[in-house]
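See below for the structure under consideration.
The values are calculated or read from the model by the stated rules, or taken from the named source; none is laboratory data. Since the model is a prediction, treat every value here as computed from it, not as a measurement. Every residue, glycine among them, receives a Cβ derived from its backbone with ideal geometry; neighbour counts consider all protein chains shown. Protein only, heavy atoms only, side chains kept; ligands, DNA and RNA dropped before computing areas. Shrake-Rupley method; radii C 1.70, N 1.55, O 1.52, S 1.80 Å.
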Amino acid sequence: IGVTALVLVSPAAPAQELNVIASATRAGVEHVVKATSKASADSPIARRRGQTEIEAGLAASGLAYTLLRSNAYMQNTLLLGPVIAKTSSFGSSAGKGLAGMVDSRDVGAVAAEIAASPASHAGKTYWLSGPESISNYDVADVLSRLLGRTITYQELSFDEHKSAMVSAGLPEAIAEQNAQAFSLTAEGDAEWVSDDVQAILERKARSYEQFAADYAAAFS
């Protein structure tokens, strides 16, 4: 009762998110802020197809809404922390691809800002990124300077990367989708930046250097 805005964040599970949207409609919610990605109905990645289905349901609901399309999250590199701490190296099927990685804390701040005053954001889509596109070679350089030791990056094949993620404990279906996303990054899929974070928060988006400094213990 009294909830007028909803921030919807989930791993692209259409049945669950569409149920939340239906419940929000019944409860009198007026505006939904939807965290999403570069969704596409014909994407090879299942979760991107799922996001398209959810977005279509949201559009059909009659609710006012705002879409937040985020680039790759900096926080995803925290999953590399244990292997970096142990081996001073990490690998990926992203190759030399660049990504305008964004700090999820900035995405959360944007979502909160919109949810607090949604009227001017209705029907809009924002593309959220960090201040620059960087590769995993750049990530290795940042961590090397931060940790005071050489961190190396290895380019992996799709199968090598998928197997490594499964070995690290990820379900095979998730590892498959992750490897697909990184392979698309190698082809330039994530090589974009925008100033939408700065425009909404009236401050610059966090850089990877700032992120890594805040989470240095995770890589040590």
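With Glu160, Glu187 as the choices, which residue is at pLDDT 95 or above, of a type in the set (D, E, K, R) and more than 17 Å from Thr87 (Cβ to Cβ)?
Glu187
Only one of (1) under 26 Å from Ala217 (Cα atoms); (2) in contact (Cβ under 8 Å) with a residue 12 or more places away in the chain fails for Leu170. Which number is that?
(2)
Filter region 173-183 down to the residues that are crowded, with 20+ Cβ neighbours inside 10 Å and either without any contact (Cβ under 8 Å) to a residue 12 or more places away in the chain or not polar (S, T, N, Q) (or both) and list them by number.
Within region 173-183, Ala179, Ala181, Phe182 qualify.
Looking at region 68-80, is at least one residue under 18 Å from the mean Cα position of the chain (by Cα), among the aliphatic types (A, V, I, L, M), farther than 18 Å from Asn136 by Cα and open to solvent by less than 10 Å² (accessible area, probe 1.4 Å)?
yes
Among residues belonging to region 185-205 that are under 30 Å from Pro44 (Cα atoms) and in contact with a Pro (Cβ under 8 Å, 6 or more places away or on another chain), point out the one that is most open to solvent (accessible area, probe 1.4 Å).
Result: Val193.
Looking for whichever is open to solvent by 60 Å² or more (accessible area, probe 1.4 Å), under 22 Å from Glu17 (Cα atoms), at pLDDT 95 or above and not basic (Lys, Arg) here; the options are Ala109, Ala60. Which one fits?
After ruling out the rest, the residue left standing is Ala60.
Mind checking which residues of region 139-163 are more than 23 Å from Ser40 (Cα to Cα), in contact (Cβ under 8 Å) with a residue 40 or more places away in the chain, assigned to a helix (DSSP H, G or I) and open to solvent by 50 Å² or more (accessible area, probe 1.4 Å)?
Leu146, Glu160
So is Arg47 open to solvent by less than 40 Å² (accessible area, probe 1.4 Å), within 15 Å of the chain's Cα centre (by Cα) and either under 26 Å from Trp192 (Cβ atoms) or not aromatic (Phe, Trp, Tyr) (or both) or not?
Criteria not met by Arg47.
Which count do you get for residues in region 112-138 that are crowded, with 17+ Cβ neighbours inside 10 Å, small (Gly, Ala, Ser) and in contact (Cβ under 8 Å) with a residue 60 or more places away in the chain?
Adding up the residues that qualify gives 4.
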